[in-house]
1. Measuring from a point 7 Å past the Cα of residue 85 along Cα-to-C-beta, which residues in the stretch 156-180 have an amide N at less than 17 Å?
2. Taking the simple approach of a point 7 Å from Cα along Cα-to-Cβ for both residue 27 and residue 156, what is their distance in nm?
3. Need one word for the stretch 49-114: rounded, prolate or oblate. Basis is the Cα gyration tensor (sqrt eigenvalues a ≥ b ≥ c); a/c below 1.5 gives rounded, then a/b vs b/c decides.
4. Counting only residues 5 or more places away or on other chains, whose amide H sits under 5 Å from the amide H of residue 26 once H atoms are built in the peptide plane?
5. Please list 3J(HN,Hα) in residue order for the stretch 169-174, calculated via the Karplus relation 6.51 cos²θ - 1.76 cosθ + 1.60 where θ = phi - 60°; whole Hz, with x for glycine and proline.
6. Out of residues 5 or more away from residue 146 or on other chains, whose amide H comes under 5 Å of its own, with H placed 1.01 Å from N in the peptide plane?
7. Kindly write out, for the stretch 143-150 in residue order, the coupling ³J(HN,Hα) from the Karplus curve 6.51 cos²θ - 1.76 cosθ + 1.60 (θ = phi - 60°), rounded to whole Hz, with x marking Gly and Pro.
8. How large is the dipole of the chain about the Cα centre if only Lys and Arg carry +1 and Asp and Glu carry -1, each at its Cβ, rounded to the nearest 20 debye?
Amino acid sequence: MKQPAMFLDRDGVINEVLTERVKFVNQPEDFYLLDGVGEAINLFNHLGYKVFVVTNQGGIGLGYMNEAALHQVHQRMKEEIAEFHGVIDDIAYCPHKPHANCACRKPQPQMIYDLARKHAIDLRHSYMVGDREMDIEAGKKAGVNTILVGDRRHAQQPTADLEFKDLWHVAHYFKWNTNT
Ligand SMILES: [Mg+2]
Ligand SMILES: [Zn+2]
């Protein structure tokens with residue numbers, strides 16, 4: 001069987017961003033896992049999806065953070081998700097500043113393509129989950145199905161294939177709609 005995947009945006013899908021206690025996530029102390037995310041990723045693992053993180057980290061290119069700090073943040077992320085027995089299979093990030101016209105920054109699909117090639121992913125049966133229009137656009141360009149989560153859903157014309165409150169609800173939709 002071909003291997004499907006969940007491509008997850010990070011900030012606003014997995015962890016808090018632009019909340020009262022955290023503005024941007026530039027160090028492990030800024031990382032707050034959102035409710036239900038650990039369980040959701042554990043569910044995706046069990047439903048047979050590879051789970052990838054696909055994240056724009058323009059703060060590196062802008063000098064707010066270096067790559068060592070980003071790796072520390074991602075280590076924290078994996079540890080917190082592991083407490084719920086969830087596994088992130090791989091992470092792709094764009095370190096370039098916004099408006100640098102790099103090939104990888106979402107809404108470009110390059111990070112999705114690279115992960116798909118590396119892990120032999122069936123894009124047609126895979127999903128991009130994001131909280132911003134750029135995530136949805138990247139998913140569409142890559143040829144995956146798209147899911148919008150968070151407060152911006154229902155904002156304008158629906159552009160994503162599906163919309164949910166948060167990642168927990170996404171995972172449970174798949175649980176209820178999968179014959180296992
Ligand atoms: Mg986001
Ligand atoms: Zn880039």
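The values are calculated or read from the model by the stated rules, or taken from the named source; none is laboratory data. Quick caveat, the model's predicted, so the values are computed rather than measured. Cβ coordinates were reconstructed from backbone atoms using ideal geometry, including for glycine residues, and neighbour counts include every protein chain displayed. The protein model used for the area step is the full one, side chains on, heavy atoms only, and it has no ligands, DNA or RNA in it. Shrake-Rupley method; radii C 1.70, N 1.55, O 1.52, S 1.80 Å.
1. 172, 175
2. Taking the simple label geometry, residue 27 and residue 156 are separated by 3.7 nm.
3. oblate
4. Sorted by chain and number, the residues that satisfy this come to none at all.
5. 5, 4, 4, 6, 4, 5
6. Sorted by chain and number, the residues that satisfy this are 128, 161, 162.
7. For the stretch 143-150, the Karplus curve yields x, 9, 6, 10, 9, 9, 10, x Hz.
8. 640
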